[in-house]
Every structure is written in C-alpha cells, then in structure tokens.
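Q: Just passing along the structure, written as structure tokens.
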Amino acid sequence: MNELKEIAVKYRRELNPVMEMLVHNRYSMPHQQWHEFVKRTEQSIIKNPDQYLFGISERTLNESIVQELFNEFIKSMNGR
C-alpha cells in the first residue's frame with residue numbers, strides 16, 4: 001500500500017465517529033443546513049486536526065485527503 005493510501009485509511013478510520021455523527025444528523029435538519037454543517041465540520045478538522053486525528057498537527061495534515069474523504073462522504077449520502 002502506498003503512503004497516501006495508508007494515510008487515507010488512517011484518517012478514514014479515525015474520522016469514522018465524526019462521519020457517523022454526520023449521518024445521524026442528516027435527517028434532523030434541513031438539507032442545506034446539513035450541508036453547511038458538514039462543510040463546517042470539514043473545516044474544523046482541517047484547522048484543528050489534533051482534535052480529531054491522533055498524532056496529526058496542522059503542519060503534518062494532508063488536507064487534500066481530508067477533502068477527498070468528505071467529497072466521498074457527500075457523494076455517498078446523496079444516494080441515500
């Protein structure tokens with residue numbers, strides 16, 4: 001497995017509780033409000049990765065992987 005895939009797997013595993021919380025809130029708020037909530041959550045992770053990802057600082061965060069994980073998440077939720 002190459003390094004970027006390993007990082008993506010680590011981020012996905014550690015962000016799973018956050019994604020579960022987002023899924024749980026999907027139908028408890030209006031669609032647009034939920035999308036804004038997801039975007040704010042993504043930005044919070046990018047600005048404060050040490051609060052969500054073990055051993056990752058803002059300096060060492062691979063922001064593009066976080067963005068890709070959230071893009072995949074949004075796409076998967078649009079099919080539900």
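Rule-based calculations on the coordinates, nothing more; no lab input. Here the structure is a predicted model, which means the values were calculated and not measured. A quick note on method: Cβ atoms are made from the backbone with ideal geometry, for glycine too, and the neighbour counts reach across all protein chains shown.
Q: Of everything in region 8-37 that's over 13 Å from the mean Cα position of the chain (by Cα) and among the hydrophobic types (A, V, I, L, M, F, W, C), which residue is nearest to SER76 (Cα to Cα)?
A: TRP34
Q: I would also like to ask the following. Among what's in region 1-16 and is surrounded by 10 or more Cβ atoms within 10 Å (Cβ to Cβ) and not charged (D, E, K, R), pick the residue that is farthest from GLU68 (Cα to Cα).
A: ASN16
Q: If you don't mind, another one. Kindly indicate which of GLU72, GLU20, GLU68 is loosely packed, with under 12 Cβ neighbours inside 10 Å and in a helix (DSSP H, G or I). Spell out how you get there, then give the answer.
A: Details: GLU72 fails: loosely packed, with under 12 Cβ neighbours inside 10 Å; GLU68 fails: loosely packed, with under 12 Cβ neighbours inside 10 Å.
Only one candidate passes the filter, namely GLU20.
Q: Then there's this: Run down PHE54, PHE37 and say which single residue is part of a helix (DSSP H, G or I) and among the hydrophobic types (A, V, I, L, M, F, W, C). Outline the logic, then answer.
A: Numbers: PHE54 fails: part of a helix (DSSP H, G or I).
On inspection, the qualifying residue turns out to be PHE37.
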